[in-house]
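> The structure that follows is given in the form of structure tokens.
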Amino acid sequence: EAGVTQSPTHLIKTRGQQATLRCSPISGHTSVYWYQQALGLGLQFLLWYDEGEERNRGNFPPRFSGRQFPNYSSELNVNALELEDSALYLCASSPGDRPFYEQYFGPGTRLTVT
Amino acid sequence: GQNIDQPTEMTATEGAIVQINCTYQTSGFNGLFWYQQHAGEAPTFLSYNVLDGLEEKGRFSSFLSRSKGYSYLLLKELQMKDSASYLCASPGAGNMLTFGGGTRLMVKP
């Protein structure tokens, strides 16, 4: 069974640009989560999508947005990039919308903003 | 709100036992997860506790006390490959997993 996949592996952008990160969940999983892991900091929850809808978002500005497609894959968009957006962005999926479902993580996209 | 605390770093010797503690303050408790994360890699699931007590899974065990807001991860017969960060996390409202800062474990020969 294929795991959660993310693309690209690395992304280098300049301040003010936009970044698009992609995630494909495990087959059969309907929930997709996005987390930010900045250097030296813990994982911070960004967004949760389930069945195509945004179900929850963390304490991040509106320039962080995303969507979930009918095939349950997801996209995270970061507009007006700032230097502090440099981080590892992790996507996770789970088989449903219950909080006790294990979240399976992808390998991450490392975003560098210069 | 949710607040999860765990030690920043620990060092242990190969073959020994180490206990990594995690304290949490949550409303609407939905259990506690432990994840392992090697440097530069994605977190991988280790355990999930929702009831009090110890759950053993090979060399790794996880304990939960809901009344004390306390959990620990116990690693036995430490191996060099166990050097990693260990993250405890609790799902809150809206399935938001709140993570502790992680405990970086260094296993020395």
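Every number here is computed from the coordinates shown, using simple stated rules; none is lab data. Values in this document were obtained by computation on a predicted structure and should not be read as measured data. Virtual Cβ from ideal backbone geometry, glycine too; neighbours counted across all protein chains shown.
> Quickly run through segment A:76-103 and pick out the residues that are of a type in the set (D, E, K, R) and surrounded by fewer than 17 Cβ atoms within 10 Å (Cβ to Cβ).
Of the residues in segment A:76-103, the ones of a type in the set (D, E, K, R) are A:82, A:84-85, A:97-98, A:102.
Answer for segment A:76-103, where residues must be of a type in the set (D, E, K, R) and surrounded by fewer than 17 Cβ atoms within 10 Å (Cβ to Cβ): A:Glu82, A:Glu84, A:Asp97, A:Arg98, A:Glu102.
> Checking the conditions here, which among A:Leu81, A:Leu90 is assigned to a loop (DSSP other than H, G, I, E, B), out of contact with any Leu (no Cβ under 6 Å at 6 or more places or on another chain) and aliphatic (A, V, I, L, M)?
A:Leu81
> Answer yes if at least one residue in segment A:21-34 is at the interface with chain B (Cβ under 10 Å from one of its Cβ atoms) and either surrounded by fewer than 15 Cβ atoms within 10 Å (Cβ to Cβ) or closer than 25 Å to B:Gly102 by Cα (or both), and no otherwise. It would help to see each step written out before you state the result.
Step one: list which residues in segment A:21-34 are at the interface with chain B (Cβ under 10 Å from one of its Cβ atoms), which gives A:31, A:33.
Going one step further and asking which of them are either surrounded by fewer than 15 Cβ atoms within 10 Å (Cβ to Cβ) or closer than 25 Å to B:Gly102 by Cα (or both), we end up with A:31, A:33.
Yes, there is a match, as at least one residue in segment A:21-34 is at the interface with chain B (Cβ under 10 Å from one of its Cβ atoms) and either surrounded by fewer than 15 Cβ atoms within 10 Å (Cβ to Cβ) or closer than 25 Å to B:Gly102 by Cα (or both).
> Among the residues of segment A:6-26, count how many are outside any strand (DSSP E or B) and basic (Lys, Arg). Talk me through it step by step, then tell me what you get.
Going residue by residue through segment A:6-26, those that are outside any strand (DSSP E or B) are A:8-9, A:14-18, A:25-26.
Now restrict to residues that are basic (Lys, Arg): A:15.
The number of residues fulfilling the criteria is 1.
> Within segment A:62-75, count every residue that is within 21 Å of A:Ala38 (Cβ to Cβ) and surrounded by fewer than 18 Cβ atoms within 10 Å (Cβ to Cβ). Write out each step before concluding.
If we filter segment A:62-75 for residues that are within 21 Å of A:Ala38 (Cβ to Cβ), which is where we start, we get A:62-66, A:74-75.
This time we only want the ones that are surrounded by fewer than 18 Cβ atoms within 10 Å (Cβ to Cβ), so: A:62-63, A:65, A:75.
Residues flagged as within 21 Å of A:Ala38 (Cβ to Cβ) and surrounded by fewer than 18 Cβ atoms within 10 Å (Cβ to Cβ) within segment A:62-75 amount to 4.
> Looking at B:Phe29, B:Phe45 in this structure, which one is in contact (Cβ under 8 Å) with a residue 24 or more places away in the chain and within 13 Å of chain A (Cβ to nearest Cβ)?
None of the others qualify; the one that does is B:Phe29.
Per-residue answers, yes or no, for (1) of a type in the set (A, V, I, L, M, F, W, C); (2) away from chain B (no Cβ under 14 Å):
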site: A:Asn71; (1), (2): no, yes
site: A:Glu75; (1), (2): no, yes
site: A:Asn79; (1), (2): no, yes
site: A:Ala87; (1), (2): yes, no
site: A:Leu90; (1), (2): yes, no
site: A:Ser94; (1), (2): no, no
site: A:Glu102; (1), (2): no, no
site: A:Gly108; (1), (2): no, no
site: A:Val113; (1), (2): yes, yes
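> Taking segment B:56-109 on its own, how many of its residues are surrounded by fewer than 18 Cβ atoms within 10 Å (Cβ to Cβ), in contact with a strand residue (DSSP E or B) (Cβ under 6 Å, 6 or more places away or on another chain) and within 12 Å of chain A (Cβ to nearest Cβ)?
Final tally of qualifying residues: 2.
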